[in-house]
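A.B. asks: My structure is below; once you've seen it, I'll send some questions.
Coordinate-derived values only; no laboratory data. Remember, predicted model here, so these are calculated numbers, not experimental data. Because the Cβ atoms are built from the backbone with ideal geometry, glycine has one as well, and the counts that use them run over all protein chains shown.
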Amino acid sequence: MTYKIAVLGGDGIGPEIVAEAIKVLDAISKKYHLEFEFNNALIGGCAYEVFGVPLPQETIDICKNSDAVLLGAVGDWKYDKLPSDVRPEKALLGIRKALNLFANLRPAIVYDELTASSPLKSEVVSGVDIMIVRELTGGVYFGTPRGIDIVDGQKVGYNNMIYNENEIERIAHVAFQTAMKRNKKLCSVDKANVLDVSRLWREVMERVAKEYPEVELSHMYVDNAAMQLIREPKQFDVIVTGNIFGDILSDEASMLAGSLGMLPSASLSDGKLGMYEPIHGSAPDLRGQDIVNPIATILSAAMMLKYSLGLEKAYTTIENAVKAVLKDGYRTKDIFTNKSQTLVGTAQMGSLIAQKILE
Ligand code: IPM
Ligand code: MG
């Protein structure tokens, strides 16, 4: 069996962390006698340099002709002055939209080995296992009209937070189905005390809930959710929320797990094609120093095996290898907490995990 994987390294640290995920996939291919065909394509600033656009059609076509997409990260401060439609971030939103990846799963799991890496007390974070389901192709990220205009002699900037019933319904189904496979607790996060769009969100969540009577649905305002995630994160099983709230809460949740460098994600559509990327950014200041944590990307590759390729066992193999390497005391800088541990670089962390898989 040969699986076609589009590989989009992107900018900053993107290519280095993706290289480590590929090392791990090569180990999986040996262990389970599978073939991966990796097809590289440009996205973000690196694509802009070559094509003058951050998301060339060629890249979209390569993705569409693949079984799954593995992405590093996009963006660099050197593109901050570019017009918004050719900024690297625009490419990320563009590819999500082009592939209709409306459902973004962001698991925040605190591995026992890493409870000390979290800035929160161990008893608060130990055992945390939350799945954030973030709507990814709607909301204020895509709403129109948008822009910066001159009104009465001064600039006015505006975006529009819009959801229609269909968009809310389809993400609701993903969230309820995810909850059904877990502890059957779903918390929908919104700002329904202020925003009309949130009131509709809540109404549709309630409606869809009728189809999943086993799932216990609760609602929480986003400001409260931000606080509760720190106060008592273990109260959460599955969280479903809109695009921007999910962006913010998932970064917050990553610190429960000790580091932004630990959280993977899967972006899914109705079909099998999905895109897999760490939740963190391109960290251009850390590029090329062999210091960043590749685990978020390696776990994203693991999610790819599970969600797009149906290789559940290979997923577990990677997750166990990550845990075993952490247990052996190896740490990248971001999760290094004491001298009994061994500090390793990006490439060595990837190699250790790949070796574990083959042991
Ligand atoms: C993320 C990132 C992106 C987002 C940026 C880079 C556009 O922060 O995947 O969480 O806001 O969705
Ligand atoms: Mg983000």
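A.B. asks: Mind ranking 113-123, 321-331, 267-277 by how tightly packed they are, going by the mean number of other C-beta atoms within 10 angstrom, highest first?
C.D. replies: 267-277, 321-331, 113-123
A.B. asks: Restricting things to Cα coordinates, could you compute the convex hull volume per residue of segment 38-95 in Å³?
C.D. replies: Given the Cα convex hull of segment 38-95, per-residue volume reads 75 Å³.
A.B. asks: Then there's this: Using θ = phi - 60° and the Karplus curve 6.51 cos²θ - 1.76 cosθ + 1.60, what whole-Hz ³J(HN,Hα) does each residue of segment 269-277 get, with Gly and Pro shown as x?
C.D. replies: 10, 6, x, 8, 5, x, 10, 10, 8
A.B. asks: Also, I was wondering about something else. Which peptide among 64-71, 164-171 comes first, and what is the full order, when sorted by highest mean count of other Cβ atoms within 10 Å?
C.D. replies: 64-71, 164-171
A.B. asks: Only Cα pairs under 8 Å and at least 6 apart count here; give the relative contact order of segment 1-146 as a rounded whole percent.
C.D. replies: The value is 24 percent.
A.B. asks: Give the cross-link partners of residue 333 among the lysines, using a straight C-alpha distance below 23 Å as the criterion and excluding same-chain residues fewer than 8 apart.
C.D. replies: Correct list for residue 333: 23, 121, 323, 356.
A.B. asks: I'd like the Karplus ³J(HN,Hα) series for segment 140-155: coefficients 6.51, -1.76, 1.60, θ = phi - 60°, whole numbers in Hz, and an x wherever there's a Gly or Pro.
C.D. replies: After applying 6.51 cos²θ - 1.76 cosθ + 1.60, I find 5, 5, 10, x, 10, x, 8, x, 10, 10, 9, 10, 6, x, 10, 6 Hz.
A.B. asks: With +1 assigned to the C-beta of every Lys and Arg and -1 to the C-beta of every Asp and Glu, and no other charges, what is the dipole magnitude of segment 34-131 about the Cα centre in debye, to the nearest 20?
C.D. replies: 480
A.B. asks: A further question follows. Kindly give Rg over Rh for segment 251-359, based on alpha-carbon atoms, with the Kirkwood expression for the hydrodynamic radius.
C.D. replies: Radius of gyration relative to Kirkwood radius: 0.98.
A.B. asks: Which ordering of 340, 29, 265 is given by a fewest-first count of other beta-carbon atoms within 10 Å?
C.D. replies: Lowest to highest Cβ neighbour count: 340, 29, 265.
A.B. asks: Sticking with this structure for a sec: Let's see if you can work this out: charge +1 on each Lys and Arg Cβ, -1 on each Asp and Glu Cβ, no other charges. What is the dipole magnitude of the chain about its Cα centre, in debye to the nearest 20?
C.D. replies: 500
A.B. asks: Please report, ordered by residue number, every helix of the chain (full DSSP H runs) that is 30 Å or longer along its axis going by C-alpha atoms and whose mean Kyte-Doolittle hydropathy reaches -1.0.
C.D. replies: Long hydrophobic helices here: none detected.
A.B. asks: What dipole magnitude, in Debye to the nearest 20, does segment 226-359 give about its Cα centre under +1 on Lys/Arg Cβ and -1 on Asp/Glu Cβ?
C.D. replies: 400
A.B. asks: Related question: At q = 0.19, 0.20 Å⁻¹, work out log10 I(q)/I(0) for segment 129-252 with the Debye formula, treating every Cα as an identical point scatterer and leaving solvent out; two decimals please.
C.D. replies: Evaluating at q = 0.19, 0.20 Å⁻¹ gives log10 I(q)/I(0) of -1.00, -1.09.
A.B. asks: Of 181/313; 64/210; 90/185, which sit over 24 Å apart, Cα to Cα?
C.D. replies: 64/210; 90/185
A.B. asks: Here is a follow-up. Principal axis extents for the chain, Cα atoms only, whole Å, descending order, please.
C.D. replies: 61, 49, 42
A.B. asks: Now a separate question. For the ranges 280-291, 17-28, 179-190, what's the packing order if you count other beta-carbon atoms within 10 Å of each residue, average per peptide, and put the highest first?
C.D. replies: 17-28, 179-190, 280-291
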